[in-house]
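Have a look at the structure below, then the notes.
The values are calculated or read from the model by the stated rules, or taken from the named source; none is laboratory data. On a predicted model such as this, the values are computed, not experimentally measured, just so you know. Note that we place each Cβ from the backbone using ideal geometry, even for glycine, and neighbour counts take in every protein chain shown.
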């Protein structure tokens, strides 16, 4: 008991391991610092929405093309933050600063949670840091990523205010913290709010396991103040409540697990997730065997009842993983709801690994984090240079233009195509009408007034095999636009009727269009590159670059053939 009291009274600022972990967390902002243009897929589309929101109808072109209807929903994290940041730093720099803050905040939450629970920094923290740059952050799900960071920090504060915590004298006010944390995290993103509920409920469930099964039900009572946002959702109806698992959901569910740590290197990403799974599985196995031997034989050697898997994080992590198999892919118009739970669940399980490992062992997870961060940083630096090349087209596109953006995303490539929404730059730099905005009725706050039906995401995405010819003659938004802005690794074979190339860069083509407003009869049917079954199977099998493809295209997706 004396040793435990000494551990609980230890100051974090006197512990070298804390400073090492915090330095690694702050270092996670490196990709944003070295890249002029953030390489999150959805980032330009979000920035386009912010531009319209902050314009308040002052620009005649934006007022003509777009409308914006604010509503309180569980998906407003950066939408709220961008207002003061844009007022001080401008839209682009303000957005970039916010994006740069999210990774360190996530890392600080990871470090703080282990310190609050164990008053030391061990292998769990260093394993968790590798999940800072998760697929969710690389996809540009900034509201969820911000919400997840806030949920981790809020959980750490709640642990500090709980039994045995550094701030346990404030336990009487813990309910108020739960109330505030629930509202703040929900406003950032509803899925992050669900993560916070599972963290609090799962941790309390683990704590009460030793009190007997008759008291387990109290774990369900612990997070009740977190449900305050339900009142807001009832009183202020927001987005659609539709849910969908999507086609071939069983193949999709399996493939998302293979992509739980997806970045830009197939081998590194697979080694990472398999290593994490092995460490987590070993920790659970040792904990179970140790518990059984302690109960049946009084322990044996190092299997004397000790735990290598902290249930206060382990149970929430396992619950999140279980929910990922049950939760639909599409909720309230949002995509990848289950994918978010996979990446967060595995991260929390990794943080639950509890082993007082020597420093030479800790160097392994630290090295994995460093390699992954370096890979992301170099990829962002290269892709940012490609974005700069693509944006040269804006020197030709006039103010107030109508632009049909088309971006080729080959299914065979493992890495994310960070240029999918690059057309969003035209919205705030040229006040243009572009077809890549998130603007679905009854779902998004941004609405498109012109451009014909379907002049929004995902009409800009050309998702097909690199082997297929690039035919742009039936891109329907192009017949309601003045310009065609095509980005891809392969030159187009056809253009919309009457279109002519006026400028070409490396991996980018700009064509002038007649804007007839009439879609040819041959293009009336929706463009479907191939069957849904084939797309699902390809998504499952596209693990690595096929060597046979290297003769068709440069290994980076935006390097066009010379």
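Restricting to the stretch 449-495, give me the number of residues that are over 21 Å from residue 421 (Cβ atoms) and touching a helix residue (DSSP H, G or I) at 6+ places or on another chain (Cβ under 9 Å).
6
Which one is nearest to residue 484 (Cα to Cα) among residues in the stretch 409-424 that are crowded, with 24+ Cβ neighbours inside 10 Å and more than 18 Å from the chain's Cα centre (by Cα)?
The extreme case among them is 423.
Is there any pair linking a residue in the stretch 437-448 that is on the phi > 0 side of the Ramachandran plot to one that is surrounded by fewer than 20 Cβ atoms within 10 Å (Cβ to Cβ) and not in a strand (DSSP E or B), with Cβ under 6 Å and at least six apart or on different chains, and which?
Filtered contacts from the stretch 437-448: 442/240.
Looking only at the stretch 371-392, filter to residues that are free of Cβ contacts under 8 Å to residues at least 60 places away in the same chain and more than 22 Å from residue 430 (Cα to Cα); which one of those is surrounded by the most Cβ atoms within 10 Å (Cβ to Cβ)?
The qualifying residue surrounded by the most Cβ atoms within 10 Å (Cβ to Cβ) is 378.
If residue 189 satisfies all but one of (1) modelled with pLDDT of 85 or more; (2) surrounded by fewer than 20 Cβ atoms within 10 Å (Cβ to Cβ), what's the number of the condition it fails?
(2)
State the number of residues belonging to the stretch 432-445 that are surrounded by 22 or more Cβ atoms within 10 Å (Cβ to Cβ) and touching a helix residue (DSSP H, G or I) at 6+ places or on another chain (Cβ under 6 Å).
The qualifying residues number 6.
Against the conditions (1) assigned to a helix (DSSP H, G or I); (2) over 21 Å from the mean Cα position of the chain (by Cα), where does residue 397 fall short? Just the number, please.
So residue 397 meets the others, but not (1).
Among the numbered criteria (1) at pLDDT 90 or above; (2) surrounded by 14 or more Cβ atoms within 10 Å (Cβ to Cβ); (3) assigned to a helix (DSSP H, G or I), which one does residue 261 miss?
(3)
In the stretch 317-359, which residue that is assigned to a helix (DSSP H, G or I) and touching a strand residue (DSSP E or B) at 6+ places or on another chain (Cβ under 7 Å) is farthest from residue 137 (Cα to Cα)?
Taking the candidates together, the pick is 352.
For residue 107, indicate whether it is in a helix (DSSP H, G or I), within 22 Å of residue 192 (Cα to Cα) and under 18 Å from the mean Cα position of the chain (by Cα).
In short, yes.
For residue 558, only one of the following conditions fails: (1) at pLDDT 50 or above; (2) surrounded by 21 or more Cβ atoms within 10 Å (Cβ to Cβ); (3) over 26 Å from residue 51 (Cα atoms). What is its number?
(1)
If we scan the stretch 400-414, do we find a residue that is part of a helix (DSSP H, G or I), in contact with a strand residue (DSSP E or B) (Cβ under 8 Å, 6 or more places away or on another chain) and within 27 Å of residue 446 (Cα to Cα)?
For the stretch 400-414, residues part of a helix (DSSP H, G or I), in contact with a strand residue (DSSP E or B) (Cβ under 8 Å, 6 or more places away or on another chain) and within 27 Å of residue 446 (Cα to Cα): absent.
Residue check: is residue 132 outside any helix (DSSP H, G or I), touching a residue at least 12 places away in the same chain (Cβ under 8 Å), over 25 Å from the mean Cα position of the chain (by Cα) and closer than 17 Å to residue 26 by Cα?
no
Going by what's in this entry, would residue 116 be described as assigned to a helix (DSSP H, G or I), more than 30 Å from residue 452 (Cα to Cα), in contact with a helix residue (DSSP H, G or I) (Cβ under 8 Å, 6 or more places away or on another chain) and outside the structural domain of residue 435 (by TED's automatic domain parsing)?
Yes: the conditions hold for residue 116.
Here's the yes/no breakdown for (1) at pLDDT 95 or above; (2) on the phi > 0 side of the Ramachandran plot; (3) surrounded by 24 or more Cβ atoms within 10 Å (Cβ to Cβ); (4) assigned by TED's automatic domain parsing to the domain that holds residue 317:
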| site | (1), (2), (3), (4) |
| --- | --- |
| 53 | yes, no, no, no |
| 66 | yes, no, yes, no |
| 91 | yes, no, no, yes |
| 97 | yes, no, no, yes |
| 103 | yes, no, yes, yes |
| 107 | yes, no, yes, yes |
| 111 | yes, no, yes, yes |
| 125 | yes, no, yes, yes |
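So, in the stretch 505-518, of the ones that are at pLDDT below 95 and either over 22 Å from residue 397 (Cβ atoms) or in contact with a strand residue (DSSP E or B) (Cβ under 8 Å, 6 or more places away or on another chain) (or both), which residue ends up surrounded by the fewest Cβ atoms within 10 Å (Cβ to Cβ)?
518
Just one of (1) without any contact (Cβ under 8 Å) to a residue 40 or more places away in the chain; (2) in contact with a helix residue (DSSP H, G or I) (Cβ under 7 Å, 6 or more places away or on another chain); (3) over 24 Å from residue 410 (Cβ atoms) trips up residue 514, so point out which.
Among (1) without any contact (Cβ under 8 Å) to a residue 40 or more places away in the chain; (2) in contact with a helix residue (DSSP H, G or I) (Cβ under 7 Å, 6 or more places away or on another chain); (3) over 24 Å from residue 410 (Cβ atoms), the lone unmet condition for residue 514 is (2).
Out of (1) closer than 25 Å to residue 456 by Cβ; (2) under 16 Å from the mean Cα position of the chain (by Cα); (3) modelled with pLDDT of 95 or more, what's the single condition that is false for residue 61?
The number of the failed condition is (2).
Sort through 45, 63 and tell me the only one that's part of a helix (DSSP H, G or I), under 16 Å from residue 432 (Cβ atoms) and without any contact (Cβ under 8 Å) to a residue 24 or more places away in the chain.
63
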